[in-house]
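Input: a single structure, listed below in structure tokens.
Readers should treat all values here as calculations from the given coordinates under stated rules, not as data from a laboratory. Everything quoted here is computed from the prediction, not taken from an experiment. Every residue, glycine as well, gets a Cβ built from its backbone with ideal geometry; the counts of neighbours run over all protein chains shown.
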Amino acid sequence: MKESNGTLLADAARRGADYLEGLRRKAVYPRDADVERLRAALDGDLPADSTPDAEVLRFLDEYGSPATVASAGGRYFGFVTGGALPATVAAHVLATAWDQNAFSFTSSPAAALFDETAIRWLRELFGLPAESSGSFVVGASAANFAGLAAARHAVLARAGWNVEEQGLRGAPEVTMMVGAEVHATINKLAPLLGIGRAHLVRVPVDGQGRMRADRLPGIRGPTILVIQAGNVNSGAFDPARELVAQAHAGGAWVHVDGAFGLWAAASERRAHLMDGFAGADSWATDAHKWLNVPYDCGISFVRDEDALRAAMSISADYLLLGKHRDAIDITIDGSRRARSFDVWAALRSLGRRGLAELVDRNCDQAAWLAQELSAAGIEVLNEVALNQVVVAFGSDEQTLRVILELQEARACWCGGTRWHGRQAMRISVSSWATTQDDMTITRNAILAAAGTRRT
Ligand SMILES: *Cc1c(COP(=O)(O)O)cnc(C)c1O
């Protein structure tokens, strides 16, 4: 016999709440001993007999919790990582109980309706064209894929070629242009779309990693231009207005990778960075980054829904689709969870002002830290216009040592990168949970790690 859901869920909620409350005191990165303890505890064969559910949950908490990375807390600055707003964690728990399959209106009318509203709100927030289609996907990688697949369809259709029917054998060549500092996901996705990495046309960038509009090659034939709202290191935005105008004049499709940068549109003080991006044809972003919803949650927008449908739609007799707008026709997924429950909860909980405040607060925190580090003689390599800070501590070896020292201390977590030929440390401030207190602790930890290397 299994326990009642009520007891178990209450236990899970209590354990989750205790975990989050204890996060401030937890090592930001798990200690090796805690990871090894988990590894040892998990080492065993699938048990022949059942285990009481309460015991299963206890195991997860006892061995799993200490081995987690405290990215839900306020001092995790690796990659671009949001936390999860309280309303979204709660919504996620409820939605898990609902266990809706969000692939179509028929499979879950509730999911389809939350999808619709969340997408409408986001489209308005980002200032994207009213006709553009939006859908929830696993992350910005999948959102980039959706936009690029729609793009491939459209540019080939204009050349009289149906790529979904004919494939690429004998097809007109598709040119994909990207910035020299394009995100790694595009390098991964291009070959999946039949465009080898060696054939990507890499457009030179400026000192902040922005694509140079004056260096955009002439456009001939079916062409996709990928631009960035938010360079993954510097946070810099490509000059979209000029790039979109040039690309469109040549008949190209413009796709925007705005995994975290698109959220700048939420802030009046940062919205200027988004100038011209709404003129593009498709956009990819992440909600699990700056909107601070639980993993996994990306969003894809495509202006021409017909192009997206041509690339993604499905037909099978048992699906009986068509009467409604079904997610399965505009994403690569079939069965999937309803990510819009969390996204709607985040937007409803914050409101426009709350979201603007979150974006501005993180940007101000990044600027504060950059200034503090710079005042202490540490080299800040980027213009801190958004939430990203890139710093170096002398030579590559010294910088690497400081990063390892800082990570070892576990008061905060920052990752490394190579930028413009140098080893650097990246600090990405993207969490609702980060307080000024967290920033002060982080500054002190960085200065201590930088100081240690000198002695
Ligand atoms: C994070 C990121 C991606 C990939 O997003 P996932 O959610 O990890 O799939 C793509 N582009 C940029 C600029 C990013 O920051």
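Computed quantities for the displayed model
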item: Structure-based [θ]222 nm, the chain - -39500 (n - 2.57) summed over DSSP H runs of at least 4, per residue, nearest 500; result: -13000 deg cm²/dmol
item: Neighbourhood net charge (12 Å Cβ-Cβ; Lys/Arg +1, Asp/Glu -1) for residue 388; result: +1
item: Residue 187/residue 4 FRET efficiency (R0 45 Å; Cβ-Cβ; nearest 0.05); result: 0.35
item: Sorted by Cβ neighbour density within 10 Å, fewest at the top, the residues 335, 71; result: 335, 71
item: Net charge of Cβ neighbours under 15 Å - reference residue 211; Lys, Arg +1; Asp, Glu -1; result: -2
item: Reachable aspartates and glutamates, given that their alpha-carbon falls under 14 Å from the alpha-carbon of residue 188 and they are not under 8 places away in the same chain; result: 257
item: For the stretch 218-338, size of Cβ-based charge dipole, Lys and Arg +1, Asp and Glu -1, in debye; result: 160
item: Zero-based 5 Å bins, Cα pair distances in the stretch 5-70, whole percents; result: 3, 16, 22, 22, 18, 13, 5, 1
item: Net charge, residue 147 excluded, C-beta distance under 13 Å - Lys, Arg +1, Asp, Glu -1; result: -2
item: Extension gain, residue 79 back to residue 323 (0.36 nm per residue minus Cα-Cα distance, nm); result: 83.7 nm
item: Estimated FRET transfer efficiency when R0 is 60 angstrom, pair residue 395-residue 58 (beta carbons, to 0.05); result: 0.80
item: Peptides 377-389, 298-310 ordered by average Cβ neighbours within 10 Å, highest first; result: 298-310, 377-389
item: Contour excess over end-to-end distance, with Cα ends at residue 212 and residue 101 and 0.36 nm allotted per residue; result: 35.6 nm
item: Ranked 363, 414, 297, criterion: other C-beta atoms within 10 Å, fewest first; result: 363, 414, 297
item: Relative exposure of 430, 132, judged by other C-beta atoms within 10 Å (fewest first); result: 132, 430
item: Viscosity 1.567 mPa s, temperature 4 °C, Stokes-Einstein D of the chain from Kirkwood C-alpha radius, µm²/s; result: 55
